[in-house]
1. Please state which of the following conditions Glu146 fails to meet, knowing it meets all the rest: (1) open to solvent by less than 20 Å² (accessible area, probe 1.4 Å); (2) within 16 Å of the ligand (Cβ to nearest atom).
2. Quick one: how many residues across the stretch 100-124 are touching a residue at least 24 places away in the same chain (Cβ under 8 Å), outside any loop (DSSP other than H, G, I, E, B) and of a type in the set (S, T, N, Q)?
3. Assess whether Val85 counts as being open to solvent by less than 20 Å² (accessible area, probe 1.4 Å) and at pLDDT below 95.
4. Among the residues that make up the stretch 128-141, is at least one of them within 16 Å of the ligand (Cβ to nearest atom) and within 27 Å of Val60 (Cβ to Cβ)?
5. Open to solvent by less than 80 Å² (accessible area, probe 1.4 Å), touching a helix residue (DSSP H, G or I) at 6+ places or on another chain (Cβ under 8 Å) and not aliphatic (A, V, I, L, M): does that describe Gly37?
6. Please tell me if Ala127 is in a loop (DSSP other than H, G, I, E, B) and closer than 26 Å to Glu65 by Cβ.
7. Looking only at the stretch 47-75, count every residue that is in contact with a strand residue (DSSP E or B) (Cβ under 8 Å, 6 or more places away or on another chain) and within 15 Å of Gln4 (Cβ to Cβ) and tell me the total.
8. Would you mind telling me which numbered condition in (1) crowded, with 18+ Cβ neighbours inside 10 Å; (2) within 30 Å of Asp19 (Cβ to Cβ); (3) of a type outside the set (Phe, Trp, Tyr) Thr119 fails?
Amino acid sequence: MKIQKDSVVTITYRLSEADGSLLESSDDAMPMAYLHGHRNILAGLEAALEGLAIGDEKSVTLPPEQAYGLVHADAEQKVPVKHLVGKYKRLLPGMLVKVNTEKGTRDARVVKAGKFMVTIDTNHPFAGKTLVFDVVVRDVRDATTEEISHGHAHGLGGHSH
Ligand code: ZN
């Protein structure tokens, strides 16, 4: 069975930067399952996996424009601490937080924290990076109608409700 729209695909992967340094890798004991053709994963990665079958391996390189975008210089901003989602005992530089904005909740990294104001950077941690995904296809099956209506995979490595 080949990967096509509405396949549930289980993969393991290593994600590295173009220079080879490892950013993250999936746990072999807990592979990731996604619903193909529903933008569950980066569009460039999804397109590269189309047509592969169980056991296939593929290395996919995505420039920042096709991954998490370029680094925006204006992504640093000072916001009131009370705009952060959740309560923090102490805010430290480098901490990942969620912040309420006019466009909804966004991930951000703390640059500098004061008592009432915090400077955050809303660039994605992988912004500006060329990403190399080394993917192994572990399983391919047809999605259930429930999975298609939810827009994601269920079961091992997918969503559990
Ligand atoms: Zn669901």
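The values are calculated or read from the model by the stated rules, or taken from the named source; none is laboratory data. Note that the structure is predicted; figures quoted are calculated from it, not measured. Because the Cβ atoms are built from the backbone with ideal geometry, glycine has one as well, and the counts that use them run over all protein chains shown. The protein model used for the area step is the full one, side chains on, heavy atoms only, and it has no ligands, DNA or RNA in it. Shrake-Rupley method; radii C 1.70, N 1.55, O 1.52, S 1.80 Å.
1. (1)
2. Count: 1.
3. For Val85, the condition - open to solvent by less than 20 Å² (accessible area, probe 1.4 Å) and at pLDDT below 95 - is not met.
4. Yes: one or more hits.
5. Yes, satisfied.
6. In short, yes.
7. Looking only at that region, the number is 6.
8. Status for Thr119: all satisfied but (1).
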